[in-house]
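A.B. asks: The structure that follows is given in the form of structure tokens.
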Amino acid sequence: MVDLYGEYLLPGSIYSLIRTNPQEANEFYNTNLGEVINWIPLIIICIGCGLIYSILKCTRQIKSIILLITLIIPFGYVTYKMVGHYHHTITLRYYVNNRIWNRPPYNSIYQSIQTYKEIQKRNAVEHTKDIDFGAKPMTDINKKQVYIVAIGESLRYDNLSLNGKYARSTTPRLEALENLVLFDDYYSQACLTMYSIPQLVTRATPDNYELNFAERSIVEPFREAGFSTYAVVSQTNLLSYETYLTNGVDSLIIVPNIVKNGEIISGDKTIVHIIDSLTHKNDRLFIITQFYGNHSFFTNYESEFDIYQPNSNNQGASRDSILLTNAYDNSILYTDYILSSIIDIINMPDVISGFMFMSDHGEDICGDGAGHGGNCTPLKTEYHVPFIFWWSENYAQLFPEKVAMAKAHKKAKINGDCIFYSVCDMADIQLDSLYNEPTWSVLSSHFKEHTRLILVPDGVTTISPD
Ligand SMILES: [Zn+2]
């Protein structure tokens, strides 16, 4: 993974290796022959050492040396490759104690255990295939329909000028749009991506988190209702690698990130192009997408969005709060551009279209390290995040009540548990009463505020932020 794709070893990649077939392996060798050849001497040395060790009667000392060679060669080579991949900018930052087990090659054992757990979950998920949400479109519509759910990364509510309070103009494009509501009091249900995403795309909640392994995701009701379904995901995110969360989607498109000067620049702009092409090809379309977004350390923007100066990207990897905030706000300008570009694409005459965006969690910009989710007493900025709904003119004509309800609930206390139901409601899809929860859809007149909970990083304990 490090050598070919320049990325970490993840459970999904180990899983793909276990589940591969001769045809896939053949394609792999055909496209990567040059790189694979580099590994052949290493493999021969390792096999040779293994043979010597097991067949020849060597002294204990020679056996120890052979064992050492077999361990050092592959690990040494991978470390060498990894340092090259990061352009020799590897610093202690990559080796802080809680991360070392998650860096290749050291993570192979850790991730193998994770893979084992993932396989167990998948086996459990196999049974969910029989579950039918009983999803039905409530209105007979002859026009083209496009619905998109976009999940942001580490975007907090406070720094968006769309909220009418932040002094800097960080979201000028979204502010210029009509037919848009920013829900002002929306909380994410976890401050860590790995716990937040499953709760956004399934019916799982902090007090019933296991439900995300027992039922299929938001894709399923759309599939049942006859939509073409796509997941378009920026690489390294949780929805990539065919996890159980994207199971059942017609097509999973993983968009690669690129590394420039040792920092990640996302494929978010490529996602916009893909959405453009899918929108033109499908008449009943549902897309779920996940961005690289505003992930620390806020490097994800192009030079024309490098407005707030100086910042941590042009002053070295500083942890100064002003420099970090400037970089973060530049990354929000870029998010504003990405989101408004997607809305522009689906804002076509004669198309019924709706767009929902929410961030997985917020960010403590100047916090130590990751800046979110690392402890069990999160700051408000780590869970108070934007939730945005945009609709087309045609949508408003067809569903005036839903639009009115969205506006009416702008200031309501909402959290991530409303997403599954609000997204279905946006497309006027009704679920079987066994699975439906009309009081949790922000587009419904039945919506009611209810207790908000947050799942902390142990994956079990919940706290109430109100
Ligand atoms: Zn995240």
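A.B. asks: What is the packing order of peptides 156-163, 441-448, taking the mean over residues of other C-beta atoms within 10 Å and listing the highest first?
C.D. replies: Going by the mean number of other Cβ atoms within 10 Å, highest first, we get 156-163, 441-448.
A.B. asks: Still on this structure, I have one more. Say R0 is 56 Å: what FRET efficiency, to the nearest 0.05, do ASP276 and SER64 get from their beta-carbon distance?
C.D. replies: After rounding, the FRET efficiency stands at 0.40.
A.B. asks: Extension gain ILE141-GLU304, at 0.36 nm per residue separation less the Cα-Cα distance, in nm?
C.D. replies: Working it through step by step, the gained length comes to 54.5 nm.
A.B. asks: May I pose another question? For ALA404, project a label point 7 Å along Cα to C-beta. Then give me every residue of segment 415-446 with its amide nitrogen under 18 Å of that point.
C.D. replies: Counting only backbone N, you get 426, 428, 441-446.
A.B. asks: Let me ask something additional. How much area per residue is accessible in segment 18-77 when the probe is 1.4 Å and only protein heavy atoms are counted (Å²)?
C.D. replies: Solvent-accessible surface per residue comes out at 80 Å².
A.B. asks: A further question follows. Working out 0.36 nm times the residue gap between ALA167 and ILE73, then minus their Cα-Cα distance, what length gain in nm do you get to one decimal?
C.D. replies: Value of the extension gain: 28.3 nm.
A.B. asks: Which FRET efficiency, nearest 0.05, do ASP132 and HIS450 yield, Cβ-Cβ r, R0 30 Å?
C.D. replies: The pair ASP132/HIS450 has a calculated efficiency of 0.70.
A.B. asks: If you split all Cα-Cα distances of segment 133-463 into 10 Å bins from zero, what percentages do you get per bin, shortest first?
C.D. replies: Spelled out per bin, shortest first, that is 6, 28, 38, 23, 5, 0.
A.B. asks: If you don't mind, there's one more thing I want to ask. Using a 1.4 Å probe on the protein heavy atoms only, what accessible surface does LEU252 show? Give it in Å² to the nearest 10.
C.D. replies: LEU252 exposes around 50 Å² with every protein chain in place.
A.B. asks: Counting only heavy atoms of protein chains, what accessible area per residue, in Å², does segment 330-446 have with a probe of 1.4 Å?
C.D. replies: 33 Å²
A.B. asks: Quick check: at a probe of 1.4 Å, how many percent of the accessible area of segment 267-421 sits on carbon and sulfur atoms?
C.D. replies: 53 percent
A.B. asks: I'd like to compare 320-326, 302-308, 359-365: which one has the highest average count of other Cβ atoms within 10 Å, and what's the full order after that?
C.D. replies: In decreasing order of mean packing, 320-326, 302-308, 359-365 become 359-365, 320-326, 302-308.
The values are calculated or read from the model by the stated rules, or taken from the named source; none is laboratory data. Remember, predicted model here, so these are calculated numbers, not experimental data. Note: ideal-geometry Cβ built from the backbone for every residue, glycine included; neighbour counts use all protein chains shown. For accessibility, only protein heavy atoms count, side chains too; no ligands or nucleic acids. Shrake-Rupley method; radii C 1.70, N 1.55, O 1.52, S 1.80 Å.
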